[in-house]
Structures are given as C-alpha cells and as structure tokens.
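Below is one structure, written out as structure tokens, with a few remarks after it.
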Amino acid sequence: MEIITYNDFEKIEIKIGKIISAEKVLNSDKLIKLIFDIGAKKQQIIAGISAFKNPSELIGKEMPILVNIKPRKFRGIYSYGMILTVDVNGEPILLHPEKEVPPGSIVR
C-alpha cells in the first residue's frame, strides 16, 4: 500500500450523489450507466456492477462518489467519476449515508 500525504488526500473530492437514472450499457455484461444528482449539476458515471445490481433498484439511492477523477471512456461512453463500494469476496457492496442528505453533500 502506498502512503500518501495529507496534501494528496485534500485533492480528493467525494460527494453524496443521488441516482436519478440507471441503465445497462449496450453490449456489456458488467456496465451500468448511472446519472447522479450532485446538487448544482448532474454527473454520469459508468460502473461495473451489472452482475450484482439491477439498474431499476438503484434509482433514488444515495451513495458516495469520487467526483474529481480524470474521465475514462468505457464502451464509447465517458465516466466522470467513480462510485465507492466495499469489496466482499468480489461483490461490490454499496455504501449509503445513515439518513437522507442533500445531493452534493461533501464527504469528509
């Protein structure tokens, strides 16, 4: 494990996003396109969780997302962030706030 400085950590921006749209990515067994409300704007994220989660069950869920990571292209679709999950034996377990919070709330 690489040790980072506090200055490195300060560069990471994690916010709570609320999923407003979720759909499987065409021609992919793993990918789901998620649209998050993060307060002042919407953010599209591609996540490899289709084998474990049904897109329709994700609508309305709040979760922490990394919002300031360099965009990546998956199957021709850009992802502008990353969801944060817990890996339990290869299965992604979604993280949620204890209670509902405003979309865009900063995770510290």
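The values are calculated or read from the model by the stated rules, or taken from the named source; none is laboratory data. All values reported here derive from a predicted model rather than from experimental measurement. All Cβ positions, even for glycine, are placed from backbone atoms using ideal geometry, and neighbour counts span all protein chains on display.
Restricted to the range 57-101, and to residues there that are basic (Lys, Arg) and closer than 12 Å to residue 44 by Cβ, the residue that is farthest from the chain's Cα centre (by Cα) is 73. Taken across the range 49-56, residues that are in contact (Cβ under 8 Å) with a residue 12 or more places away in the chain and part of a strand (DSSP E or B) do not occur at all. Take the conditions modelled with pLDDT of 95 or more, closer than 25 Å to residue 9 by Cβ and part of a loop (DSSP other than H, G, I, E, B) and apply them to residue 102. Does it pass? So residue 102 fits the description; yes.
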